[in-house]
Every structure is written in structure tokens, then in C-alpha cells.
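Beneath this line is the structure, given in C-alpha cells, with notes to follow.
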Amino acid sequence: MVFWGYDVRHSEGNSLLRFGLKRSPSPGLTGTSCYSMPWESGLIELHGAVASWTPPPGMSGSVFCRDRGRIELWSGSQSPVPGREHGEAGMVEERWQAFRPFLRYLVSYERWILETHGAEWRFGCWRALKRLPKGKPWLPPALALKWWELAAVGNPPRPKQLVKS
């Protein structure tokens, strides 16, 4: 989510808009924006502290709330309202399956970032996150993308295994 904040302020313009997302005021968090786009018959939404994929009827979608620190199921016909709604726990495998459309979106977006801005841009974002007082960077960008690609189609290895290889 921190990376998306850097992407919004890119010197060549807002990368989320350039990728095709639409910007509107967030319905639940005052002073923030919501970026959305249709994806796999559902809707991707990115907020400052929430990311979700709202599914078509009859399917389970997913919502990630940064303050809750976990992926949850979302089955509402409308997208979750940040700060007011969150998903349901569900079984791990069920949540994982429901999250895959969002992962495929993320892979597509990150590949576009690499093609558009180059690997150094995302690595610079990762380094900046490391310097933040509460920054908790995950895998370096190239390994994170590899993990997301694997996760989007099956069971990925533990992240630490990617670092060792």
C-alpha cells in the first residue's frame, strides 16, 4: 500500500490512473481517495488502508484491511466501506482462493510498473519503506513479484525459501 502512495506521486503522473484505475473520494475514510477498476467480472478497489476485490454474485471476493493485517472473505454485492466494514474469517483455503483474483491484478500492475518505470523505481520505493520508522518491508521487489506470480496460480513457497535461492 505504501508503494501505491509513491506511485500516485510519480514525477510522470499518477501511475494508478495511468494504469487505468478511476479515482473517487473514499466512501469511508475522510480525505482519502478510492482507486477502482473492473477486474475478472468483479471490482478492484484500493484505499489508503484497504484493498479489495468485490466478486460477481455467487462468488466470494476478498478484502485486506491493513489494521487487521489479514485477508478476509467478502461476499457483499457492494464493495466494503473502509473504516466501517470488514470481511469474514472463513477457512484459510477459502480465503486464499478468493484472494487469487486480487493477486492476478497485483501481478499485472507490478509488471506494468516494471515496464513503465523500470526496476529501479520499485526498488527505490522498497528502500524508502525500509527507512520509515514503522516500515516493515517484505521481500525485495523482484522476489515479491515472483512470489505473487506463484501464489496467483498455486501454492507458493515460503517467502524465506525465495530469499535463500
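Starting from residues that are without any contact (Cβ under 8 Å) to a residue 40 or more places away in the chain, out of contact with any Lys or Arg (no Cβ under 9 Å at 6 or more places or on another chain) and assigned to a helix (DSSP H, G or I), keep the ones in the range 112-121 and report whichever is least open to solvent (accessible area, probe 1.4 Å). Steps first, please.
Residues of the range 112-121 without any contact (Cβ under 8 Å) to a residue 40 or more places away in the chain: 114-115, 118-120.
Those left that are additionally out of contact with any Lys or Arg (no Cβ under 9 Å at 6 or more places or on another chain): 115, 118-120.
Right, trim to assigned to a helix (DSSP H, G or I) and you get 115, 119-120.
Values: 115: 153, 119: 66, 120: 112 Å².
Among them, the one singled out is 119.
Just for the range 76-111: of the residues that are assigned to a loop (DSSP other than H, G, I, E, B) and among the aliphatic types (A, V, I, L, M), which one is modelled with the highest pLDDT?
In the first step, residues of the range 76-111 are kept if they are assigned to a loop (DSSP other than H, G, I, E, B); the result is 76-87, 89-91.
Restricting the remaining residues to those that are among the aliphatic types (A, V, I, L, M) gives 81, 89, 91.
Numbers: 81: 84, 89: 86, 91: 90.
Among those residues, the one meeting the criterion is 91.
For the range 13-29, give me each residue that is modelled with pLDDT of 95 or more and not small (Gly, Ala, Ser).
14, 16, 17, 18, 19, 21, 22, 23, listed by residue number.
Of the numbered conditions (1) farther than 13 Å from residue 54 by Cα; (2) open to solvent by 20 Å² or more (accessible area, probe 1.4 Å), residue 100 satisfies every one except a single condition; which is it?
The number of the failed condition is (1).
Which one of these does residue 58 not meet: (1) free of Cβ contacts under 8 Å to residues at least 24 places away in the same chain; (2) under 16 Å from residue 148 (Cα atoms)?
So residue 58 meets the others, but not (2).
For the range 24-38, give me each residue that is surrounded by 17 or more Cβ atoms within 10 Å (Cβ to Cβ) and under 13 Å from the mean Cα position of the chain (by Cα).
Selection gives 34, 35, 36.
Which of the residues that make up the range 1-37 are in a helix (DSSP H, G or I) and closer than 16 Å to residue 51 by Cβ?
2, 3, 4, 5, 6, 7, 8, 15, 16, 19
Taking interchain pairs and intrachain pairs at least six residues apart, which have beta carbon atoms under 6 angstrom, with the first residue in the range 29-46 and within 19 Å of residue 14 (Cβ to Cβ) and the second among the charged types (D, E, K, R) and open to solvent by 50 Å² or more (accessible area, probe 1.4 Å)?
33/23; 35/23; 36/22
Out of the residues in the range 122-147 that are of a type outside the set (Lys, Arg), in contact with a Leu (Cβ under 8 Å, 6 or more places away or on another chain) and at pLDDT 90 or above, which is least open to solvent (accessible area, probe 1.4 Å)?
So, considering only residues that are of a type outside the set (Lys, Arg), in contact with a Leu (Cβ under 8 Å, 6 or more places away or on another chain) and at pLDDT 90 or above, the one least open to solvent (accessible area, probe 1.4 Å) is 145.
Given the conditions (1) touching a strand residue (DSSP E or B) at 6+ places or on another chain (Cβ under 9 Å); (2) of a type outside the set (D, E, K, R); (3) closer than 26 Å to residue 135 by Cβ; (4) open to solvent by less than 20 Å² (accessible area, probe 1.4 Å), and given that residue 71 satisfies all but one, which numbered condition is not satisfied?
The single condition residue 71 does not satisfy is (4).
The values are calculated or read from the model by the stated rules, or taken from the named source; none is laboratory data. Keep in mind that this is a model prediction, so the values were computed, not measured. Note that we place each Cβ from the backbone using ideal geometry, even for glycine, and neighbour counts take in every protein chain shown. Just the protein is used for accessible areas: all its heavy atoms, side chains included, with ligands, DNA and RNA removed. Shrake-Rupley method; radii C 1.70, N 1.55, O 1.52, S 1.80 Å.
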